[in-house]
Structures are given as C-alpha cells and as structure tokens.
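First up is the structure itself, then whatever we jot down about it.
The values are calculated or read from the model by the stated rules, or taken from the named source; none is laboratory data. Please read these numbers as outputs of a predicted model, since none were measured by experiment. Positions of Cβ are backbone-derived with ideal geometry, glycine not excepted, and every protein chain shown enters the neighbour counts. Accessible surface is based on the protein model in full, side chains and every heavy atom, while ligands, DNA and RNA are left aside. Shrake-Rupley method; radii C 1.70, N 1.55, O 1.52, S 1.80 Å.
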Amino acid sequence: MLNLKEKLKNEIEDIPDEMIPEIYRIIHLLKSDFISKVKKIKKRGSLKGIWEGSKIDDALLLEAKKSIFPYEYKGNN
C-alpha cells in the first residue's frame, strides 16, 4: 500500500500547478464518496425480527423454493 501512495505522490508532483485545484477537488470527492460508502457498510443494522408475526402460505414458500432451486424440483411439478 505504501508503494501505491508513493506512486500517487509522484504522479501528483508531475501535475502542472494550474491544474492542482481541480485535481484536489476530484480527489476530495472520491475520498469522501468512498469513506461514506465504507461507513454505511460498517453501520449495517440488524434484520432480526423483521418477519416476526408474519404468516407465510406453504404454497408460496414452495413456489419460491422452486424458482430459486429449480434443479431440486426438476420433474416434480
């Protein structure tokens, strides 16, 4: 990872001074976007109890299983 940071620093040093503000804005936006996505993933909530109290018809359950695992139900229509 350090090697990539060094490469990035070298690339930035080769950028003409008049382009630095635009490059900074792009890097800042990328960094902000990636960090917010990582934070969202880490703060994932629990789905425990989401189906509590729900009643599922056995026919619907069987239909869902057939659509997900058709190889298990081949010829058993």
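In the list LEU8, LEU4, which residue meets the criterion of being surrounded by 10 or more Cβ atoms within 10 Å (Cβ to Cβ), out of contact with any helix residue (DSSP H, G or I) (no Cβ under 6 Å at 6 or more places or on another chain), part of a helix (DSSP H, G or I) and at pLDDT 75 or above?
Working: LEU4 fails: surrounded by 10 or more Cβ atoms within 10 Å (Cβ to Cβ).
Matching residue, one of LEU8, LEU4: LEU8.
Any residue at all in region 16-33 that is modelled with pLDDT under 75 and either touching a Phe, Trp or Tyr at 6+ places or on another chain (Cβ under 6 Å) or open to solvent by less than 100 Å² (accessible area, probe 1.4 Å) (or both)?
We begin by selecting, within region 16-33, every residue modelled with pLDDT under 75; these are none.
No, region 16-33 contains no residue that is modelled with pLDDT under 75 and either touching a Phe, Trp or Tyr at 6+ places or on another chain (Cβ under 6 Å) or open to solvent by less than 100 Å² (accessible area, probe 1.4 Å) (or both).
For region 34-67, give me the residue count where each residue is surrounded by 10 or more Cβ atoms within 10 Å (Cβ to Cβ), over 23 Å from LYS9 (Cα atoms) and modelled with pLDDT of 75 or more.
Selection size over region 34-67: 6.
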